[in-house]
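Peer 1: There's a structure below that I have some questions on.
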Amino acid sequence: MSTLMRNFIAVVLVAMMGSVALADTPPTLKVPDTHSIESKGKLTLYRVQVQGLEFGRSNERIDAEIFAVLDSKPEMVFTLRLHDDSPPVNTVIADTLREAYLTNTPVTVYHQITPPGRKNVKIHMVQFDR
């Protein structure tokens with residue numbers, strides 16, 4: 001394969017990777033990515049359980065170790081996995097939620113967009129607001 005062809009392929013791959021990375025990047029820290037919805041409030045429940053215990057029934061069943069409920073959305077359960085294959089940031093998110101619960105500090109939770117009727121949602125990110 002010629003050098004020109006290899007360079008062309010490299011440029012095309014870099015261009016494709018750049019556009020994919022930018023597709024989900026929020027324009028500012030004030031807005032979530034395109035896969036998240038924000039919910040704000042104070043935590044009324046922070047539950048930690050051992051790996052392997054599931055929560056919910058049938059299509060609502062979720063495998064997670066962290067469960068949180070906000071006062072503004074008491075019908076929803078926000079969940080987070082802490083499995084061995086989970087990203088390390090999940091531990092930081094869990095610690096942030098724990099701190100918010102213990103100090104009664106309002107948080108913003110960005111979570112997955114869910115089908116109508118579903119009440120268990122996966123957390124994508126969490127932040128403190130002032």
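The values are calculated or read from the model by the stated rules, or taken from the named source; none is laboratory data. Computed from a prediction, not measured in an experiment: that's the story for all the values here. We place every Cβ from the backbone using ideal geometry, glycine too, and count neighbours over all the protein chains shown.
Peer 1: Tell me which of these Pro88 doesn't satisfy, since it passes every other one: (1) modelled with pLDDT of 90 or more; (2) over 16 Å from the mean Cα position of the chain (by Cα).
Peer 2: Pro88 satisfies every listed condition except (2).
Peer 1: Can you name the residue in region 45-54 that is in a loop (DSSP other than H, G, I, E, B) and among the hydrophobic types (A, V, I, L, M, F, W, C) and, of all such residues, is surrounded by the most Cβ atoms within 10 Å (Cβ to Cβ)?
Peer 2: Looking only at region 45-54, we keep the residues that are in a loop (DSSP other than H, G, I, E, B), and these are 49-53.
Okay, now just the ones that are also among the hydrophobic types (A, V, I, L, M, F, W, C), so 50, 53.
Numbers: Val50: 7, Leu53: 9.
The selected residue is Leu53.
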